[in-house]
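The structure appears below as structure tokens.
The values are calculated or read from the model by the stated rules, or taken from the named source; none is laboratory data. Because the structure is predicted, anything quoted here is derived from the model rather than measured. For neighbour counting, all protein chains shown are included, and Cβ atoms are generated from backbone atoms with ideal geometry for every residue, glycine included. Note: areas computed on protein heavy atoms with side chains; ligands, DNA, RNA excluded. Shrake-Rupley method; radii C 1.70, N 1.55, O 1.52, S 1.80 Å.
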Amino acid sequence: MNNSASISRVALKKITPDVSAAMGSLHAAAVSAADEAKVEPELLELIRIRASQINGCAFCLDMHTKDARAAGETEQRVYALNAWRETPFFTGRERAALALTEAVTLVHDGQVPDAVYAEAAEVFDETQIAALIWAATVINAYNRIAIATRMVPGGYQPTPKN
């Protein structure tokens, strides 16, 4: 049950602007590392959506499904992402990244298993694996921020491509 109307939540950007800016800088650095490692932006959106599904973050799901669609992702793949293992819609590379994302997100369920890491290492080099781990870590942090402060989904619109 969502009782979001019951109590006002802190506005983190307003109350702790330096920490919020640092989080933005971490996000930018993670995106830059992924770009330098040649990890596709579309794959980063799949990572963000999948972690947000696991964490139940409505705000981030709204944002990243919109960003993925704006970048050309199909509705079929977005809708099926929660059941990616049971569909033929994702490549081996995407599957390895999604498995790694799930392991990082659910680290309390048994850490990141060697088999999951090995699967990722078969299709990604070390700089790419590092970028994937950072991407999963950053979205997990953002999920927790959005959930803890009860950020309201629905108003986000992707930046138009030039």
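Just checking, does region 8-25 include any residue being surrounded by fewer than 16 Cβ atoms within 10 Å (Cβ to Cβ), touching a helix residue (DSSP H, G or I) at 6+ places or on another chain (Cβ under 9 Å), closer than 18 Å to Thr101 by Cα and not hydrophobic (A, V, I, L, M, F, W, C)? Within region 8-25, not a single residue is surrounded by fewer than 16 Cβ atoms within 10 Å (Cβ to Cβ), touching a helix residue (DSSP H, G or I) at 6+ places or on another chain (Cβ under 9 Å), closer than 18 Å to Thr101 by Cα and not hydrophobic (A, V, I, L, M, F, W, C). Among the conditions (1) closer than 29 Å to Lys13 by Cβ; (2) at pLDDT below 95, Tyr142 misses just one, which is (2). With respect to the conditions (1) among the β-branched types (Val, Ile, Thr); (2) farther than 22 Å from Ala21 by Cα; (3) outside any loop (DSSP other than H, G, I, E, B); (4) open to solvent by less than 60 Å² (accessible area, probe 1.4 Å), Val138 lacks only one, and its number is (2).
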